[in-house]
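Below is one structure, written out as structure tokens; comments come after it.
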Amino acid sequence: MLRSITGRWIVAVALGAAVMPPVHAEIVNAAPNGFNLRHVAEAAGVPPTTVWAALSDIGKWWDPEHTYSGDSRNLSLDPVAGGCFCEKLSLYAGLEHARVVYAQPAKTLRLVGALGPLQEFGVSGALTWQLEAAGGGSRITVTYNVGGFADRPLADWAPIVDEVVGNQVRRLARFVATGNPAEARPEPKP
């Protein structure tokens with residue numbers, strides 16, 4: 001019985017790895033007054049134009065656990081200069097997560113804003129999505145550079161924010177590769 005369960009788990013992990021686009025992540029720098037994050041994902045067989053279209057359809061792949069409303073379908077991203085990465089909370093309530101300051105379709109999208117819990121502090125961040133053709137598909141490079149003043153040194157926030165940003169990059173890469181942003185889970189035990 002154990003061998004059967006272990007065998008199925010190994011097969012599930014192997015299948016998940018085959019579908020899961022490779023991702024490289026790092027906290028480039030972290031200091032009391034700021035941090036820099038970098039994530040790189042490959043989307044084999046997916047051209048940058050397709051990644052760009054998916055990037056702007058953010059409600060389909062962003063993790064609902066990292067929204068204020070609990071529903072990523074309430075998110076919108078207008079990928080033009082001055083566009084908003086916004087979230088609707090109710091008929092009259094909502095928030096701006098970031099503002100688009102640079103848009104070059106299928107190449108670069110840069111937003112400025114303090115994401116999530118950083119929004120209440122005196123910080124700002126530049127979140128850049130860089131797309132390029134690579135290896136018959138696309139390479140997605142995401143950087144988030146944050147600086148300012150918070151309730152504790154920003155270096156303490158870096159691992160938390162890095163995990164959230166990395167999760168979003170992986171979800172986008174899975175979404176463009178498979179049509180589903182969720183992580184493949186091993187089959188449940190019988």
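Every residue, every condition in (1) aromatic (Phe, Trp, Tyr); (2) touching a helix residue (DSSP H, G or I) at 6+ places or on another chain (Cβ under 8 Å); (3) closer than 19 Å to PRO32 by Cβ, yes or no:
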residue: ARG99; (1), (2), (3): no, no, no
residue: PRO105; (1), (2), (3): no, yes, no
residue: ARG110; (1), (2), (3): no, no, no
residue: GLY113; (1), (2), (3): no, yes, no
residue: THR128; (1), (2), (3): no, no, no
residue: ALA155; (1), (2), (3): no, no, yes
residue: ASN167; (1), (2), (3): no, yes, no
residue: ALA173; (1), (2), (3): no, no, no
Pairs please, first residue from the stretch 143-169 and touching a residue at least 60 places away in the same chain (Cβ under 8 Å), second anywhere and buried (at least 17 other Cβ atoms within 10 Å of the Cβ) and of a type in the set (Lys, Arg), Cβ atoms under 7 Å, 6+ apart in sequence or on different chains.
THR143/ARG38
May I ask you to list pairs of residues, at least six apart or on different chains, whose Cβ atoms are under 8 Å apart, with the first in the stretch 130-141 being under 8 Å from ALA43 (Cα atoms) and the second being surrounded by fewer than 20 Cβ atoms within 10 Å (Cβ to Cβ) and acidic (Asp, Glu)?
GLY137/GLU42; SER138/GLU42; SER138/GLU132; ARG139/GLU42; ARG139/GLU132; ILE140/GLU42
Residues of the stretch 163-179 being farther than 13 Å from VAL40 by Cβ and in a helix (DSSP H, G or I), which ones?
GLU163, VAL164, ASN167, GLN168, ARG171, ARG174, PHE175, VAL176, ALA177, THR178
PRO117 is checked against (1) modelled with pLDDT of 95 or more; (2) outside any loop (DSSP other than H, G, I, E, B) and fails just one. What number does that condition carry?
(1)
Any chance GLU65 is modelled with pLDDT of 95 or more, over 20 Å from GLU26 (Cα atoms), crowded, with 20+ Cβ neighbours inside 10 Å and not basic (Lys, Arg)
no
In the stretch 73-85, is there at least one residue being in contact (Cβ under 8 Å) with a residue 24 or more places away in the chain and either in a helix (DSSP H, G or I) or basic (Lys, Arg) (or both)?
no
Give me the residue from the stretch 1-54 that is modelled with pLDDT under 50 and among the charged types (D, E, K, R) and, out of that set, nearest to THR141 (Cα to Cα).
ARG8
From the options VAL164, VAL123, residue that is more than 17 Å from ASP63 (Cα to Cα), crowded, with 16+ Cβ neighbours inside 10 Å and at pLDDT 95 or above:
VAL123
Pairs with Cβ under 9 Å, 6+ apart, first in the stretch 103-120 and on the phi > 0 side of the Ramachandran plot and of a type in the set (A, V, I, L, M, F, W, C), second assigned to a helix (DSSP H, G or I) and crowded, with 19+ Cβ neighbours inside 10 Å
ALA106/PRO48; ALA106/VAL51; ALA106/TRP52
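Filter the stretch 89-106 down to the residues that are within 10 Å of PRO79 (Cα to Cα) and either at pLDDT below 95 or not hydroxyl-bearing (Ser, Thr, Tyr) (or both) and list them by number.
ARG99, VAL100, VAL101, ALA103, GLN104, PRO105
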Check the stretch 141-148 and report whether any residue there is in a strand (DSSP E or B), at pLDDT 95 or above and more than 13 Å from ARG38 (Cα to Cα).
yes
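The values are calculated or read from the model by the stated rules, or taken from the named source; none is laboratory data. This structure is a prediction, so every number in the text was calculated from the model and none was measured. Cβ sites come from the backbone with ideal geometry, for glycine too, and all protein chains shown count toward neighbours.
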